[in-house]
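A.B. asks: I'd like to ask you about the structure that follows.
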Amino acid sequence: MYHFTEKYINPFTDYGFKRLFGEEPNKDLLLDFLNELLKEEQEEIQSINYIKNEQLGTSQRDRSAIFDLYCENDRGEKFIVELQKSKQSFFKDRTVYYSTFPIREQAQKGEWNYQLKAVYTIAILDFVFEEDKEELDKYRYDVKLADIETGKVFYDKLTFIYLEMPKFNKAVTELETRFDKWLYILCNLTQLNEIPPILQEEIFEKLFEVAEIARFNPDQVRSYENSLKYYRDLKNSIDTAREEGREEGWQDGREQGQAETRLDIAQSLLAAGMTDDFVIQTTGLAEA
């Protein structure tokens, strides 16, 4: 059994994320988060319903997709909410691929004019994209189909939002908006022992109550322990392999070092019990 030094769960574990945002009794937490995230985008979302998160292809030969969270609002718009704990070579490709499922499922039999409801893919990232690492103050990326020359949005019903959480470093005294407060909680929940005065709002007080480990029953504790162990093993394996790879790359500076680094990461992940599919997605290596 783990001895928990933290009072509240880690929201970047699978169990922690699903407990806060993926359980029916806590649906209001997700609703509030989405409304703050999309405040500039649309009218207030009045209600959401969870949808089965496993989506199948149109034939047996097609790949399926399993979303962390998949839900629909009162206007029929779809939301995929993904938590990504580690870098993947083709993560952006994956989010685009995932967005095709809620698009295709809107197809109607018989005559249909192709009108679609909006689809939002939201990725909460526990890492920074390599190409963004120099933009230290930009942690939110809103992506739509737009004309390159004018920058004008060409199609507004397909939206990708990426939140690079390691870049969010505001202190509690610097929080200005409720969205700031949400990001602060996600980044700092495990480091808090009491609710800061600025966060003493009804919705956040419920979040802290739901996240308090002392309130868990034995089965919930075991589930969280397993999820936390997986998260720590993953972080440790990747950090160790990358540190070793950095030292090798610094010594020879050759592309071969980069390839060996990816192999080192793959070996570490496999040793930690990760699946082949996860290792392939994370490192970009071929199955062979």
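What follows is calculated from the coordinates using simple rules that are stated; it is not laboratory data. Computed from a predicted model, the values in this text were never measured in an experiment.
A.B. asks: What ³J(HN,Hα) values, in whole Hz, does the Karplus curve 6.51 cos²θ - 1.76 cosθ + 1.60 give for the stretch 139-154 when θ = phi - 60°, with x put for Gly and Pro?
C.D. replies: With the stated coefficients, the stretch 139-154 comes to 10, 10, 10, 10, 10, 9, 6, 9, 6, 5, 5, 8, x, 6, 5, 8 Hz.
A.B. asks: Right, next: Could you list, in their original order, any pairs among Lys7/Lys117; Lys52/Lys181; Lys52/Lys133; Lys152/Lys235 whose Cα atoms are separated by more than 31 Å?
C.D. replies: Pairs exceeding 31 Å: Lys7/Lys117; Lys52/Lys133; Lys152/Lys235.
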